[in-house]
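Enquirer: Sharing a structure below in structure tokens format, with a few things to ask.
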Amino acid sequence: MKSYRKELWFETPHRRDYINITSAVDQCLKESGIKEGLALINAMHITASVFINDDESGLHHDFEKWLEKLAPEKPHSQYQHNGFEDNGDAHLKRQIMGREVVVAVTNGKLDFGPWEQIFYGEFDGKRKKRVLVKIIGE
Amino acid sequence: MKSYRKELWFETPHRRDYINITSAVDQCLKESGIKEGLALINAMHITASVFINDDESGLHHDFEKWLEKLAPEKPHSQYQHNGFEDNGDAHLKRQIMGREVVVAVTNGKLDFGPWEQIFYGEFDGKRKKRVLVKIIGE
Amino acid sequence: MKSYRKELWFETPHRRDYINITSAVDQCLKESGIKEGLALINAMHITASVFINDDESGLHHDFEKWLEKLAPEKPHSQYQHNGFEDNGDAHLKRQIMGREVVVAVTNGKLDFGPWEQIFYGEFDGKRKKRVLVKIIGE
């Protein structure tokens with residue numbers, strides 16, 4: 001069994017952002033030399049997500065509006081978590097969008113349907129944060 | 001390390017449907033010959049889910065009502081994604097219900113608690129769509 | 001390839017509770033002797049979750065309030081699932097919070113960012129329930 005590990009770093013200009021990381025994960029898979037196995041891609045921070053959905057700007061606008069409806073940022077005082085912080089909403093948004101994805105590796109490729117793209121979802125940005133890529137297989 | 005891959009195809013008669021795919025995944029596991037490892041089961045489309053919950057029709061009715069409350073289909077115009085499409089809600093519903101499950105394989109069986117059943121959750125059906133089953137182990 | 005399996009048992013005093021299980025999973029990893037691989041940690045019951053977030057009591061209070069807003073327990077009669085049961089809400093809350101996490105194992109350790117902690121989220125407690133830890137690798 002082979003294993004591969006890499007961290008991808010991000011610093012988004014806005015509090016909330018969606019970044020397509022599919023090609024970066026593809027590059028990791030090439031570096032790994034793994035042909036058959038599983039790839040785990042997870043946020044290493046608890047106010048961010050990794051998820052798979054469509055690379056379509058209208059949808060990303062819909063995510064922003066929808067997540068603000070389900071877990072609004074303001075008023076900050078609505079969350080007990082916000083004693084010394086202001087990111088209570090980000091911890092909740094990340095639960096909706098998920099921490100991680102696991103992707104099949106087949107014939108040396110990410111085994112995806114036609115529209116699947118991997119995103120880093122940032123909910124408390126403007127600072128350096130990381131995603132972990134771990135691949136195991138042969 | 002062994003690996004196994006299969007696609008399961010679905011074409012649901014309704015826009016939204018829940019299909020129990022546990023026995024189909026069980027059959028894949030038997031075909032694979034893998035006794036110890038991990039099984040990944042994921043929707044290959046971004047408007048569908050694979051999740052584990054109860055095989056109880058009342059609950060599935062509750063899912064329908066609840067998801068329509070959290071991410072209503074109509075009016076279609078409420079979603080920017082719906083310029084040429086009408087499935088913005090399906091992309092959101094899928095985030096709540098999840099893209100994938102990872103299931104332990106132990107002694108050649110899906111290592112489940114007493115009520116765990118795997119479902120394909122369709123949120124934009126009436127067309128052919130796929131689920132990927134990937135199993136690795138020994 | 002090595003594989004390891006253990007069940008962790010819980011009986012929470014309240015209907016809903018959050019229990020930090022990171023050190024128990026760490027102990028499993030030590031017992032397994034696995035240095036490189038993937039660890040799956042999943043609820044074996046469909047009214048409970050395993051998730052990764054912050055070990056902060058204010059946040060756990062926010063989870064309680066937020067989940068009650070998105071999928072309220074009462075009135076029990078609002079859920080068709082509640083014919084002979086009263087836990088319809090727990091099946092929905094578990095979808096938001098997730099069934100499982102997959103964690104990278106690197107150099108014999110859970111490969112975590114600075115604040116990642118694993119929680120058992122109970123939504124229908126006061127009875128014995130289980131979490132499965134399955135680790136594969138070398």
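The values are calculated or read from the model by the stated rules, or taken from the named source; none is laboratory data. Just so we're clear, the structure is a prediction, and the values are computed from it rather than from any experiment. Don't worry about glycine lacking a Cβ; one is built from the backbone with ideal geometry, like all the others, and counts go over all protein chains shown. For the accessible areas, the whole protein counts, side chains as well, though only heavy atoms, and no ligand, DNA or RNA atoms are used. Shrake-Rupley method; radii C 1.70, N 1.55, O 1.52, S 1.80 Å.
Enquirer: Name every residue in the stretch C:30-46 that is buried (at least 23 other Cβ atoms within 10 Å of the Cβ) and either touching a helix residue (DSSP H, G or I) at 6+ places or on another chain (Cβ under 8 Å) or more than 14 Å from chain B (Cβ to nearest Cβ) (or both), in order of residue number.
Expert: C:Ala39, C:Ile41, C:Ala43, C:Ile46, listed by residue number.
Enquirer: Conditions first: (1) farther than 27 Å from A:Asn82 by Cβ; (2) in contact with a Gly (Cβ under 8 Å, 6 or more places away or on another chain). C:Val25 passes all but one, so which condition is the exception?
Expert: It is condition (2) that C:Val25 fails.
Enquirer: Got a sec? Which of C:Phe84, C:Phe51 is buried (at least 23 other Cβ atoms within 10 Å of the Cβ), under 30 Å from B:Ser57 (Cβ atoms) and either out of contact with any Ser or Thr (no Cβ under 6 Å at 6 or more places or on another chain) or of a type outside the set (Lys, Arg) (or both)?
Expert: Result of the check over C:Phe84, C:Phe51: C:Phe51.
Enquirer: Criterion first (over 30 Å from B:Lys93 (Cβ atoms) and either of a type in the set (D, E, K, R) or more than 18 Å from the chain's Cα centre (by Cα) (or both)) does C:Lys65 satisfy it?
Expert: Answer is no for this residue.
Enquirer: Scan the stretch C:114-124 for residues that are open to solvent by 10 Å² or more (accessible area, probe 1.4 Å), within 11 Å of chain A (Cβ to nearest Cβ) and closer than 23 Å to C:Lys65 by Cβ and report the count.
Expert: 2
Enquirer: Okay, moving on. Looking at the stretch B:17-33, I want the residues that are in contact (Cβ under 8 Å) with a residue 12 or more places away in the chain and have a partner that is assigned to a helix (DSSP H, G or I) with Cβ atoms under 6 Å, at least 6 apart or on another chain. Which pairs are those?
Expert: B:Tyr18/B:His60
Enquirer: Here is a check on your reading of the model: is B:Phe10 touching a residue at least 40 places away in the same chain (Cβ under 8 Å), more than 12 Å from chain A (Cβ to nearest Cβ) and crowded, with 21+ Cβ neighbours inside 10 Å?
Expert: Judged against the criteria, B:Phe10 is not a match.
Enquirer: Taking the stretch C:19-29, which residues are open to solvent by less than 40 Å² (accessible area, probe 1.4 Å) and within 20 Å of A:Arg99 (Cα to Cα)?
Expert: If the condition is that a residue be open to solvent by less than 40 Å² (accessible area, probe 1.4 Å) and within 20 Å of A:Arg99 (Cα to Cα), then C:Ile21, C:Thr22, C:Val25 are the ones that fit.
Enquirer: I've got another one for you. Here are the criteria: (1) over 25 Å from B:Ala39 (Cβ atoms); (2) touching a residue at least 24 places away in the same chain (Cβ under 8 Å); (3) open to solvent by less than 30 Å² (accessible area, probe 1.4 Å). Tell me which single one C:Asp62 does not satisfy.
Expert: For C:Asp62, the failing item is (2).
Enquirer: So B:Asp111 passes all but one of these: (1) more than 9 Å from chain A (Cβ to nearest Cβ); (2) surrounded by fewer than 19 Cβ atoms within 10 Å (Cβ to Cβ). Which condition number does it fail?
Expert: Condition (2) is where B:Asp111 drops out.
Enquirer: While we're here: Could you tell me which numbered condition C:Ile136 fails, if it satisfies all but one of (1) more than 20 Å from C:Glu11 (Cα to Cα); (2) assigned to a strand (DSSP E or B); (3) touching an Asp or Glu at 6+ places or on another chain (Cβ under 6 Å)?
Expert: The one condition C:Ile136 does not meet is (3).
Enquirer: Could you check the stretch C:72-108 and list, in sequence order, the residues that are of a type outside the set (S, T, N, Q), within 11 Å of chain B (Cβ to nearest Cβ) and free of Cβ contacts under 8 Å to residues at least 24 places away in the same chain?
Expert: C:Pro72, C:Tyr79, C:His81, C:Gly83, C:Phe84, C:Glu85, C:Gly88, C:Leu92
Enquirer: Being open to solvent by 10 Å² or more (accessible area, probe 1.4 Å) and of a type in the set (Lys, Arg) is the requirement here; does A:Arg127 meet it?
Expert: Yes: the conditions hold for A:Arg127.
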